[in-house]
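The values are calculated or read from the model by the stated rules, or taken from the named source; none is laboratory data. Computed from a predicted structure; not experimentally measured. Neighbour counts are summed over all protein chains in view; Cβ atoms, including those assigned to glycine, are modelled from backbone coordinates with ideal geometry.
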Amino acid sequence: MSATLSLTVNGKAVSATIDPRTLLVDFLRQNLGLTGVHVGCDTAQCGACTVHLDGRAVKSCNVLAMQAAGAKVLTIEGLATDGELHPMQAAFRECHGLQCGFCTPGMVMSALDLCARHPHADEATIRAELEGNLCRCTGYHNIVKAVKQGAAAMGQEARHGGE
Amino acid sequence: MGANDKGVIGERVLRKEDARFLTGTGQYTDDVTLPHQAYATFLRSPHAHATIRGIDTASAAKAPGVLAVYTAADLKGVNGLPCGWLITGTDGKPMNEPPHPVLASGKVRYVGDPVAVVVAESITQAKDAAEMIEVDYDVLPAVVNPVDALKAGAPQIHAEAPGNKCYTWALGDKAAVDAAFAKAAHVTKIDIVNNRLIPNAIEPRAANAAYNAADDAYTLYVTSQNPHVERLLMTAFVLGLPEHKVRVIAPDVGGGFGSKIYLYPEETALVWAAKHVRRPIKWVAERSESFLADAHGRDHVTHAELALDKDGKFLALKVQTTAAMGAYLSTFASCIPTILYATLLAGQYTTPAIWCEVTAAFTNTAPVDAYRGAGRPEATYVVERIVHQAAVEMKIAQDDIRRRNFVRTFPYQTPVALLYDIGDYDACLDEAMRIADVKGFAARRDASAKQGKLRGLGYASYIEACGLAPSNIAGALGARAGLFEAGEVRVNPTGSVSVFTGSHSHGQGHETTFAQVVAARLGIPVENVDVVHGDTGRIPFGMGTYGSRSLSVGGTAIVKALDKVVAKGKKIAAHLLEAAESDIEFADGKFTVAGTDRSKAFGEVALAAYVPHNYPLDKLEPGLDETAFYDPTNFTFPAGTHICEVEIDPETGVVKVDRFSACDDFGNIINPMIVEGQVHGGVAQGIGQALLENCVYDRATGQLLTGSLMDYALPRADDLPSFEVATKVTPCTHNPLGAKGCGEAGAIGAPAALMNAVLDAMAARGIQHFDMPATPHRVWSALNAQRS
């Protein structure tokens with residue numbers, strides 16, 4: 001059995017014929033080669049596969065690719081523009097918010113979703129909101145710092161953009 | 001930051017590796033897909049202990065897409081997986097070392113033991129086919145607890161290990177210890193369990209093995225912390241392949257924490273099968289498989305006694321530990337609860353007599369091996385828990401009892417074989433107390449009490465031994481491998497530098513730290529240095545990364561290679577400058593004739609080495625490419641004090657880690673940002689052990705009850721506070737970097753600090769004993785058992 005799927009991924013229109021059981025994460029990794037989307041568990045706990053589906057953070061291991069039909073998907077690969085890191089990516093780098101890098105794409109995508117909903121999140125809010133993303137390397141200390149700094153940078157950019 | 005100066009050492013240089021990780025362009029093993037890729041899955045035992053009466057693979061072999069199905073019967077000529085450390089018991093006999101087959105042979109010995117491998121066109125087809133394999137099991141009684149395993153009448157796991165005993169081993173002077181206890185003013189006794197842990201690097205283990213018939217050679221991509229060791233063990237001991245015909249590549253690796261040191265059955269089976277199937281074969285563990293089949297950590301049961309004089313001076317320490325090995329001996333399993341444990345029992349103290357006896361037991365569980373800290377967290381937990389308890393019993397302040405016993409004269413020979421070269425334990429304790437605001441604790445405790453909460457403060461003054469060495473002494477103690485590291489510094493003709501290291505980075509940031517070391521020495525920008533690791537086809541033979549050794553051992557190998565580069569550069573410069581070699585000085589990237597302004601830049605010398613038109617060809621080879629191997633003369637001894645402050649809600653049993661403060665002495669620091677990150681991560685894992693994590697096997701059936709991230713609680717962002725970290729520096733005396741290592745300290749200090757804080761808080765309710773993890777249910781139960 002196969003089904004046809006059309007969607008937009010990182011700003012590009014994509015069409016494919018797939019097994020309808022295909023998970024979104026497998027479609028992104030295997031069909032599109034977007035291997036920045038990582039698989040860290042099999043119970044939707046670790047969040048390494050987090051992408052944005054129509055602007056909302058989802059765990060792509062828990063979504064069928066067919067559920068993304070017609071939608072806009074944004075992955076870590078679609079964040080930087082013209083080789084320049086997104087302010088949140090830059091903040092992770094500047095705050096040493098990553099070590100092995102495996103949870104990082106999901107963490108950054110969750111952080112962006114968090115900031116969209118809580119532009120001025122305090123530490124407690126950031127920690128609570130990151131509950132769905134596991135990191136085994138950093139102890140979250142520098143991730144929390146990075147999210148704060150990234151949010152501030154995004155706020156500044158938005159203000160500049162509005163001027 | 002001006003990179004072109006020595007200031008690059010000690011700078012918070014941002015990591016070179018981050019650009020790829022932040023943009024999704026890192027390349028982890030699962031990201032490697034080869035032409036004509038096939039996929040494998042392992043059929044694993046559902047039973048903890050059973051005899052295999054037969055395996056029928058016929059229908060699986062005929063299933064759609066299946067390329068091959070293999071069981072132990074097919075692996076003719078394939079040996080078992082070796083153990084890298086021979087422990088000799090107190091009876092003078094070598095440890096019992098039963099075979100560790102690649103695929104279970106005759107018997108299965110833990111839930112998850114691999115029984116068959118299915119190779120198919122797709123992973124779905126492989127999994128579908130694996131379900132069609134019929135294994136006829138005769139289920140046997142199982143034993144999962146190491147103390148139970150040693151009891152008379154326990155189920156026998158291996159014919160080669162009567163009574164399930166691997167060894168009984170001891171260290172120290174028992175007679176001296178007994179004599180000290182006889183004259184002690186006070187004796188403190190504790191019984192503690194060091195809970196079993198599952199490492200859970202966020203990247204699951206994975207492998208992709210390919211065979212190339214044209215040159216009869218293999219390539220293995222694998223999640224490994226030490227690709228050369230992996231290759232040596234696999235080729236020379238298990239598969240009987242020529243070492244040079246196998247290239248092992250450990251690309252970006254998503255965390256290790258010890259669990260990716262070992263040679264595992266899965267990648268070994270894949271390499272063997274790749275030649276038979278003539279297709280590259282990929283296997284990626286699902287998280288459930290990681291729980292079942294990654295090497296676990298800890299799992300000790302210990303009785304300890306500390307003898308003190310009337311002033312609280314430690315007279316002697318006596319420790320008896322039962323340690324689980326799991327069903328088979330993993331690569332370094334045997335040395336963890338012995339060489340890396342008992343030797344650390346002096347801690348930071350002058351305890352004159354110590355005796356430790358360890359019995360290692362086989363159990364029907366996944367193999368147990370090194371997990372972040374590996375033996376040293378277990379030792380610290382024993383020492384710091386018993387010191388805490390002694391202070392409580394003798395009514396001595398926790399900092400005071402430690403100060404009364406600190407080692408202050410170096411070098412210091414402990415009664416358990418180690419020679420501490422340097423340290424300043426008072427400095428770390430003072431600073432930890434300052435950043436923890438210990439002075440304000442009493443007021444905070446009162447404030448908590450007003451709200452019906454229990455607040456406690458706990459100390460852990462830990463020591464660790466890192467950079468395991470030297471090889472000849474380790475060899476005398478049973479090591480079956482060398483413990484050196486290798487580094488190659490290849491200066492390119494244009495003056496940029498490629499460094500090839502045997503160390504492996506899987507989060508530690510070597511690409512940056514090592515580049516800082518090279519840039520500082522050669523006076524070139526950090527950007528001009530690339531660090532290559534993780535590929536046996538490119539790097540010299542090295543031992544990889546474990547035991548916080550990368551900078552102190554791997555970094556030193558690079559420094560030694562740099563010495564050779566500079567020495568040769570001086571010869572070349574002397575020729576170019578028409579001066580005597582002895583008059584050439586090298587500093588700030590320039591070779592200068594001493595006392596003159598005549599100089600040649602490093603880049604000019606590099607170019608001359610590769611375009612040797614004006615060059616002393618009669619005396620000197622062209623090129624500027626040097627390799628060094630470094631075998632340390634001693635361990636390094638990072639040490640520090642961690643202080644944890646918790647608040648317990650007795651109504652719910654929830655333990656909130658309110659403050660965690662660490663002051664560590666890692667010797668000289670190259671990149672403080674990276675060092676702090678290592679401490680944060682280690683502390684989080686230590687807090688995880690003490691607060692949340694617990695691997696539980698059902699005692700009756702041997703089933704793993706904590707087999708997913710929904711049952712086994714990894715710390716999440718909202719379980720942890722932000723940390724206060726500081727460092728003090730006493731440079732290591734025996735390596736040129738003065739570095740000691742920082743990777744494991746957090747995981748070593750944190751569990752004892754946290755549990756001492758929990759006990760301090762619960763002391764108000766008369767509780768003096770409590771085992772990890774301090775989960776709400778366990779804490780609530782303890783408080784309420786006391787109440788009733």
Being over 28 Å from B:I55 (Cα atoms) and of a type in the set (D, E, K, R) is the filter here, so list the residues in the stretch B:134-153 that pass it.
-> B:D148, B:K151
So which helices (runs of 4 or more DSSP H) stay within the stretch B:669-788 end to end and still have 2 or more residues that are in contact with a His (Cβ under 8 Å, 6 or more places away or on another chain)?
-> B:672-691, B:745-762
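Scanning for something surrounded by fewer than 19 Cβ atoms within 10 Å (Cβ to Cβ) and either part of a strand (DSSP E or B) or under 23 Å from the mean Cα position of the chain (by Cα) (or both), does the stretch B:176-185 turn up at least one residue?
Of the residues in the stretch B:176-185, the ones surrounded by fewer than 19 Cβ atoms within 10 Å (Cβ to Cβ) are B:176, B:178-179, B:181-185.
Filter once more, keeping what is either part of a strand (DSSP E or B) or under 23 Å from the mean Cα position of the chain (by Cα) (or both): none.
Scanning the stretch B:176-185, I find no residue that is surrounded by fewer than 19 Cβ atoms within 10 Å (Cβ to Cβ) and either part of a strand (DSSP E or B) or under 23 Å from the mean Cα position of the chain (by Cα) (or both), so the answer is no.
Here is a yes/no grid of residues against (1) of a type in the set (S, T, N, Q); (2) surrounded by fewer than 19 Cβ atoms within 10 Å (Cβ to Cβ); (3) at pLDDT 95 or above:
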position	(1), (2), (3)
B:A587	no, yes, yes
B:T596	yes, yes, yes
B:V605	no, no, yes
B:Y610	no, yes, yes
B:F635	no, no, yes
Only residues that are within 8 Å of chain B (Cβ to nearest Cβ) and either modelled with pLDDT under 95 or not in a helix (DSSP H, G or I) (or both): list them for the stretch A:138-163, please.
-> A:T138, A:G139, A:Y140
Failed criterion for B:T556 (all others in (1) within 30 Å of B:G375 (Cα to Cα); (2) surrounded by fewer than 19 Cβ atoms within 10 Å (Cβ to Cβ); (3) among the β-branched types (V, I, T) hold) | (2)
Could you tell me whether the stretch B:270-278 includes any residue that is surrounded by fewer than 22 Cβ atoms within 10 Å (Cβ to Cβ), part of a helix (DSSP H, G or I) and aromatic (F, W, Y)?
-> no
If B:A739 passes every condition in (1) farther than 23 Å from B:V387 by Cβ; (2) within 14 Å of chain A (Cβ to nearest Cβ); (3) surrounded by 21 or more Cβ atoms within 10 Å (Cβ to Cβ) but one, which one does it miss?
-> (2)
Residues in the stretch B:158-205 that are hydrophobic (A, V, I, L, M, F, W, C), in contact (Cβ under 8 Å) with a residue 40 or more places away in the chain and more than 30 Å from A:C46 (Cα to Cα) total 16
Pull up the stretch B:21-30, narrow it to residues that are part of a helix (DSSP H, G or I) and touching a residue at least 40 places away in the same chain (Cβ under 8 Å), then point me to the one that is farthest from the other protein chains (Cβ to nearest Cβ).
-> B:T29
Residue in the stretch B:671-695 that is nearest to the other protein chains (Cβ to nearest Cβ), counting only those that are out of contact with any Lys or Arg (no Cβ under 8 Å at 6 or more places or on another chain) and more than 16 Å from A:C135 (Cβ to Cβ) | B:V675
Please work out which residue is nearest to the chain's Cα centre (by Cα), limiting yourself to the stretch B:489-509 and to residues that are of a type outside the set (V, I, T) and surrounded by fewer than 22 Cβ atoms within 10 Å (Cβ to Cβ).
-> B:S498
Sole miss for B:A370 among (1) touching a Leu at 6+ places or on another chain (Cβ under 9 Å); (2) farther than 19 Å from B:P199 by Cβ; (3) of a type in the set (A, V, I, L, M, F, W, C) is condition (2)
Leading residue by the ranking (nearest to A:E77 (Cα to Cα)) among those in the stretch A:6-22 that are within 16 Å of the chain's Cα centre (by Cα) and in a strand (DSSP E or B) = A:V9
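Can you pull out every residue in the stretch B:523-538 that is buried (at least 23 other Cβ atoms within 10 Å of the Cβ) and away from chain A (no Cβ under 14 Å)?
B:I524, B:V529, B:V531, B:T536
Here's the yes/no breakdown for (1) within 13 Å of chain A (Cβ to nearest Cβ); (2) under 20 Å from the mean Cα position of the chain (by Cα); (3) of a type in the set (D, E, K, R):
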{"residue": "B:I192", "(1), (2), (3)": "no, no, no"}
{"residue": "B:A206", "(1), (2), (3)": "yes, yes, no"}
{"residue": "B:V238", "(1), (2), (3)": "no, no, no"}
{"residue": "B:K260", "(1), (2), (3)": "yes, yes, yes"}
{"residue": "B:H296", "(1), (2), (3)": "no, yes, no"}
Of all strands (runs of 3 or more DSSP E) completely enclosed by the stretch B:36-116, which ones contain at least 2 residues that are of a type in the set (G, A, S)?
-> B:38-44, B:50-56
Return a yes/no flag: does the stretch B:625-632 have any residue that is outside any strand (DSSP E or B), surrounded by fewer than 22 Cβ atoms within 10 Å (Cβ to Cβ) and away from chain A (no Cβ under 13 Å).
-> yes
Does A:A116 meet the test of being in contact with a strand residue (DSSP E or B) (Cβ under 7 Å, 6 or more places away or on another chain), surrounded by fewer than 24 Cβ atoms within 10 Å (Cβ to Cβ) and more than 30 Å from B:V679 (Cβ to Cβ)?
-> no
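Being closer than 30 Å to B:M673 by Cα and more than 26 Å from the chain's Cα centre (by Cα) is the filter here; which residues of the stretch B:20-48 pass it? It would help to see each step written out before you state the result.
So the first thing to find is which residues in the stretch B:20-48 are closer than 30 Å to B:M673 by Cα, and the list is B:20-31.
Answer for the stretch B:20-48, where residues must be closer than 30 Å to B:M673 by Cα and more than 26 Å from the chain's Cα centre (by Cα): B:T23, B:G24, B:T25.
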Kindly indicate whether B:D113 is acidic (D, E) and buried (at least 21 other Cβ atoms within 10 Å of the Cβ).
-> yes
Filtered residue count, the stretch A:52-74, keeping only those that are farther than 22 Å from B:A717 by Cβ and crowded, with 21+ Cβ neighbours inside 10 Å = 3
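Of all residues in the stretch A:76-107, which are facing another protein chain (nearest Cβ under 7 Å), of a type outside the set (G, A, S) and buried (at least 24 other Cβ atoms within 10 Å of the Cβ)?
A:I76, A:Q89, A:F92, A:H96, A:L98, A:Q99, A:C100, A:F102, A:C103, A:T104, A:P105
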Given the residues B:G640, B:G623, B:G589, which is the only one that is in contact with a helix residue (DSSP H, G or I) (Cβ under 7 Å, 6 or more places away or on another chain) and under 30 Å from B:G547 (Cβ atoms)?
-> B:G640
Could you identify the single residue in B:E724, B:E651, B:E647 that is within 27 Å of B:I202 (Cβ to Cβ) and either surrounded by fewer than 20 Cβ atoms within 10 Å (Cβ to Cβ) or not β-branched (V, I, T) (or both)?
-> B:E724
Strands (runs of 3 or more DSSP E) contained in the stretch A:38-137 and holding at least 3 residues under 11 Å from the mean Cα position of the chain (by Cα) and in contact (Cβ under 8 Å) with a residue 12 or more places away in the chain = A:50-53, A:56-59
Options B:G84, B:G80, B:G10; residue that is more than 14 Å from chain A (Cβ to nearest Cβ), on the phi > 0 side of the Ramachandran plot, of a type outside the set (S, T, Y) and touching a residue at least 40 places away in the same chain (Cβ under 8 Å) = B:G10
Do we find a residue being basic (K, R), in a helix (DSSP H, G or I) and at negative phi anywhere in the stretch B:542-557?
-> no
